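Undergrad: Let me give you the structure first, and then I'll get to my questions.
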Amino acid sequence: MTKNLITASAVGLLLAGATGAGLAAPDWSKVPAKKTTVFQPGVASLEWILNGSDHSGVRGVRKGETCNACHEEELADIGKKIASGEKAEPKPVKGKAPSIPVTVQATHDGTNLYLRFQYKAPASAGVKQDDKSQVKLAVMLDAGKVEYGTIGGCWATCHDDLRTMPDVNPDSPKHAKAKELDIRKNGPTKYLKETRTALETKNKPRGGWDKLKSDAEIQAALKEGKFLDMMQFRSGEGPREGYVLDARRLKAAPGLAEGKNEGGTWTITFTRKLAGNDPATDHALVPGKTYTIGFAIHDDWANERYHHVSLGYSLALDNPKADINVVKQ
Amino acid sequence: MADNKDTGSVNIVRRLWNYFTHPSPSYSILAIWAVGLAIGITFWGGFNWAVEASNKLEFCISCHEMENTVYQEWQKTIHYSNRSGVRAICADCHVPKDWTYKMIRKVGATKELYGKALGTIDTPQKFEAKRLELARNEWARMKKTDSRECRNCHTFEGMGYEKQKQRAKKQHEFAKKDNQTCIDCHKGIAHNKPKGMTEEEEIGG
C-alpha cells in the first residue's frame with residue numbers, strides 16, 4: 001500500500017508538472033466497478049466475425065448490434081470452446097486459462113482519466129512466449145468514427161493476416177513499407193479497415209494487409225478521428241501509448257501506467273489527460289459523448305494472439321447509462 | 001359358330017354386370033352392406049396401418065443408408081436426448097401430420113425406393129457426396145411450408161424468451177422481425193451439416 005502511494009504520488013507529481021494541476025490518488029472505493037470477463041479469442045478475427053460460415057451472428061453485426069448484445073452472458077463459455085480447440089483455435093496452449101474475470105473502474109478529476117483493472121492471475125500454463133513481460137494490458141478507445149469500433153471494440157483492428165494469424169503472408173516482411181507499418185519477421189500488426197482499399201472476408205487469404213490506401217487518405221482518416229487510441233502497460237518494460245490506424249503505432253509513455261501483483265491479484269492503473277496526452281493521436285474525452293473501450297490482457301508471459309480480450313464496452317464521463325461510467329471525484 | 005361364341009362372351013359380361021349391380025336374390029341388402037363395410041374397414045385400416053408403420057423409427061432405419069449415417073448423428077442431438085424426455089423421431093420432422101400433405105410426401109418418398117434399388121447412397125462415401133444435395137431438398141421443402149413440422153412443437157408465441165440464452169433470444173427477435181422460418185437458421189440441428197454450404201445458407205439470408 002505504501003509502495004502504491006509512493007508510486008501514485010510520483011506519477012502525480014510528474015503529471016502535475018505537465019498540466020499545472022494537482023493530482024491526488026483516486027479513492028477507488030467511490031468508483032463503480034464493472035465486472036466482466038476477458039477470454040481467449042483464438043483466430044476469430046474481424047474477417048471471421050463478418051463471415052457467415054464462421055459466425056452465424058453476422059446477421060446481428062449487419063444490423064449494427066454490438067457483440068455484447070448477444071455474447072455478454074456467455075464469455076466464459078466462449079473461452080472454453082476456443083481454449084479447448086473446439087472452435088476458432090487450431091493450436092491451443094495446454095493449461096492456458098480459457099477466460100479471466102476482470103474488474104474495471106474509471107474515474108476523473110476534471111483533468112485526468114484514471115482507469116484501473118484488477119484480476120486474479122490464473123494458473124500458469126508454463127509456456128513463456130514473451131521473455132520480457134509477464135503481463136501486458138492494452139486498452140483501445142474509439143470515438144465512434146471507426147466502422148466496427150462501436151460494434152466490436154478491439155475486433156476492428158484484428159485480422160486474419162496479422163502475425164500468428166492463419167493467413168499471414170510469409171512475404172509480408174519484404175513489403176516496401178514493412179518498417180513503417182511495424183511488419184516484423186513474423187508479419188504485420190493491427191490495422192483498421194479504413195486504411196485499406198479492400199478487406200477480403202470470404203476467400204483465403206482473408207484480410208487486406210497489403211491493400212493500403214494512399215498516405216494522404218490515411219492522414220485524412222487520422223485527422224477525422226478514424227483511429228483507435230491505444231495505451232499499453234508492460235510489466236517488464238515501460239508503458240507505451242499511441243494509436244491503431246494503418247498499423248499499430250506506439251511510443252514510450254513514462255508514467256502512463258503502473259501495475260503490481262499482490263497475493264496473486266494484478267492491479268493495473270492508467271493515468272492520462274482527459275484531453276489526451278497527445279491530442280493528435282489520442283481521443284479527447286469530453287462530457288456528453290460516449291466512447292467504446294476494449295482491452296486485452298497478455299497474462300502468463302503470453303504474446304501476440306494468445307491473449308485474453310474483452311468485448312467492446314461503452315464508456316462516458318459521469319453517465320450512469322454507460323457500461324463504464326467515468327465518475328468525477 | 002362364330003356368332004354363338006360372340007353371344008356367349010356378351011352373356012358372361014352381362015351376367016357379371018348384373019351380379020354387381022342388382023341386389024342378390026340370395027343375400028339381404030344389410031348383409032351385403034355389412035360385408036362391404038368390413039372389407040372397407042379392413043382395407044382402409046390396413047392402408048393407414050401401413051402408412052403409420054412407415055412412419056416408425058424402426059422402419060426408417062431398416063435401411064443401412066439411414067441407420068449408419070443420419071440415425072447415428074441424430075442420437076447426439078437434443079432432438080434425441082434432452083432434459084424433459086421429449087423425443088422427435090424421423091417422421092416428426094420429415095413427414096407432415098396432416099393427411100393430405102402426408103400422402104403427398106409419401107408418394108414423393110417412393111422415389112427413395114428407386115434410389116435404394118440403384119444404390120445411389122449405399123456407401124458412406126456415396127452418402128457424403130450426396131449429403132448437400134439431399135439436405136438442400138429437405139431445406140427447400142421445409143422453407144416452402146414455413147417449417148411446418150418444426151412448428152408442430154415450436155412457436156414464436158410459445159417461447160419464453162426470458163428463459164432463453166441471451167444469444168438465442170436476440171436471434172429469435174431478429175427472425176421474427178425478418179419473417180424468417182425455423183430452418184433458415186437451424187440447419188444441422190439433428191444431423192451433421194453438409195460440407196459446401198454457402199454463407200447465405202449458413203445464416204439463413
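Undergrad: Roughly speaking, to the nearest percent, how much of chain A's 1.4 Å accessible area is carbon and sulfur?
TA: Here it works out to 53 percent.
Undergrad: A further question follows. Compare A:S45, B:S26 by solvent-accessible area with a 1.4 Å probe and give them largest first, with all protein chains kept in place.
TA: B:S26, A:S45
Undergrad: In the range A:51-184, what is the volume of the convex hull around the alpha carbon atoms, normalised per residue and reported in Å³?
TA: Output value, Cα hull per residue: 191 Å³.
Undergrad: Pop the C-beta distance of B:K143 and A:D171 into the FRET formula with R0 = 60 Å and round what comes out to the nearest 0.05.
TA: E(calc), rounded to 0.05, equals 0.85.
Undergrad: Can you give me the Cα centroid spacing of the range A:289-307 and the range B:111-162 in angstrom?
TA: One Cα centre to the other: 43 Å.
Undergrad: Which whole-angstrom value gives the distance between the alpha carbon centres of the range B:74-102 and the range A:136-172?
TA: What the calculation gives is 44 Å, centre to centre.
Undergrad: Among A:A121, A:I324, A:N169, pick out the residue whose Cα is farthest towards the positive end of the charge dipole of chain A, where Lys and Arg carry +1 and Asp and Glu carry -1 on C-beta, about the Cα centre.
TA: Going by the charge dipole, the pick is A:N169.
Undergrad: Then there's this: List, by residue number, every residue in the range B:165-183 with a reduction of 30 Å² or greater in accessible area between the chain on its own and the complete protein assembly, 1.4 Å probe.
TA: B:Q166, B:R167, B:K170, B:Q171, B:F174, B:D178
Undergrad: What is the dipole size for the range B:64-198, taken about its Cα centre, with +1 at each Lys and Arg Cβ and -1 at each Asp and Glu Cβ, in debye to the nearest 20?
TA: 300 debye
Undergrad: Taking only the C-alpha atoms, wrap a convex hull around the range A:74-113 and report its volume per residue in Å³ as a whole number.
TA: 114 Å³
Undergrad: Let me see the pair-distance distribution of the range B:1-95: every alpha carbon pair, 10 Å bin width, integer percents in order.
TA: 12, 22, 16, 13, 14, 13, 7, 2, 0
Undergrad: Arrange the residues B:K126, A:K204 by how much accessible surface each exposes, largest first, with a 1.4 angstrom probe.
TA: Sorted descending by solvent-accessible area, the residues read A:K204, B:K126.
Undergrad: May I pose another question? Is it possible to state the helix-based mean residue ellipticity at 222 nm for the protein assembly as shown, with each DSSP H run of 4+ residues giving -39500 (n - 2.57), the sum divided by total residues, to the nearest 500 deg cm²/dmol? What is it?
TA: -10000 deg cm²/dmol
Undergrad: Another question, if that's okay. What accessible area per residue, rounded to a whole number of Å², is obtained for the range A:81-213 using a probe radius of 1.4 Å?
TA: Ligands and nucleic acids excluded, the result is 45 Å² per residue.
Undergrad: Using only the Cα atoms of the protein assembly as shown, what are the Rg and Dmax in Å?
TA: Just the Cα atoms of the protein assembly as shown yield Rg and Dmax of 34.1, 137 Å.
Undergrad: Please report, ordered by residue number, every helix of chain A (full DSSP H runs) that is 15 Å or longer along its axis going by C-alpha atoms and whose mean Kyte-Doolittle hydropathy reaches -0.5.
TA: A:2-19
Undergrad: How high is the relative contact order of chain B, in percent, counting Cα pairs under 8 Å that sit 6 or more residues apart?
TA: Across chain B, relative contact order equals 19 percent.
Undergrad: Okay, moving on. Quick check: the distance between the Cα centres of the range B:1-66 and the range A:194-251, to the nearest angstrom?
TA: Cα centroid of the range B:1-66 versus Cα centroid of the range A:194-251: 82 Å apart.
Undergrad: Something else now. Determine the per residue accessible area of the range B:64-198 with all protein chains present and a 1.4 angstrom probe, expressed in square angstrom.
TA: Value returned for the range B:64-198: 66 Å² of accessible area per residue.
Undergrad: Name the longest site-free stretch of chain A, where the excluded sites are GluC sites (Glu not before Pro) in a DSSP loop with no more than 13 other beta-carbon atoms within 10 Å.
TA: A:87-179
Undergrad: Run down the aspartates and glutamates and flag those whose C-alpha is under 14 Å from the C-alpha of A:K87, throwing out any fewer than 8 positions away in its chain.
TA: Correct list for A:K87: A:D54, A:D77.
Undergrad: If I ignore ligands, DNA and RNA and count only protein heavy atoms, how much of B:R131 is accessible to a 1.4 Å probe, in Å² to the nearest 10?
TA: Surface open to solvent at B:R131 totals about 20 Å².
Undergrad: May I pose another question? At what distance in nm do the modelled label points of B:K111 and B:E162 sit from each other, each positioned 7 Å from its Cα along Cα→Cβ?
TA: In this crude spin-label approximation the distance works out to 4.7 nm.
Undergrad: Another one. Please report the buried accessible area for the interface of B with A, total over both chains, probe 1.4 Å, in Å² to the nearest 100.
TA: That pair hides around 1500 Å² of surface in total.
Undergrad: Can you sort B:T77, A:T157, B:T155 by solvent-accessible area, 1.4 Å probe, largest first?
TA: Descending order: B:T155, B:T77, A:T157.
Undergrad: Within the range B:64-198, what whole-number % of the accessible surface is contributed by carbon and sulfur, with the 1.4 Å probe and all protein chains included in the calculation?
TA: 57 percent
Undergrad: Find the cysteines in chain B that fail to meet the 4.7 Å Cβ criterion with every other cysteine, and list them.
TA: Cys with no partner Cβ under 4.7 Å: B:C63, B:C93, B:C153, B:C185.
Undergrad: If you take every residue apart from A:L311 with its C-beta less than 10 Å away from the C-beta of A:L311, what net charge results, scoring Lys and Arg +1 and Asp and Glu -1?
TA: It works out to a net charge of -2.
Undergrad: Any chance you could list P(r) for the range B:64-198, counting all Cα-Cα pairs in 10 angstrom bins from zero, rounded to whole %?
TA: Histogramming the range B:64-198 at 10 Å steps yields 10, 36, 38, 13, 2, 0 percent.
Undergrad: Going through the cross-link list A:K251/A:K328; B:K143/B:K177; A:K63/B:K187, which pairs have a Cα-Cα distance over 26 Å in this structure?
TA: A:K251/A:K328
Undergrad: Could you derive backbone 3J(HN,Hα) for the range B:164-179 from the dihedral phi with the Karplus parameters 6.51, -1.76 and 1.60 (θ = phi - 60°), listing whole Hz in sequence and x where the residue is Gly or Pro?
TA: 7, 5, 3, 5, 5, 4, 5, 5, 5, 4, 4, 4, 5, 5, 8, 6
Undergrad: So what J values fall out for the range B:46-54 if you push phi through Karplus, 6.51 cos²θ - 1.76 cosθ + 1.60 with θ = phi - 60°, rounded to Hz, Gly and Pro as x?
TA: Listing the rounded values in order: x, 5, 5, 4, 5, 5, 5, 4, 6 Hz.
The values are calculated or read from the model by the stated rules, or taken from the named source; none is laboratory data. Because the structure is a prediction, the values reported are computed rather than measured. Methodologically, a virtual Cβ is constructed for each residue, glycine included, from the backbone with ideal geometry; neighbour enumeration extends over all protein chains shown. Just the protein is used for accessible areas: all its heavy atoms, side chains included, with ligands, DNA and RNA removed. Shrake-Rupley method; radii C 1.70, N 1.55, O 1.52, S 1.80 Å.
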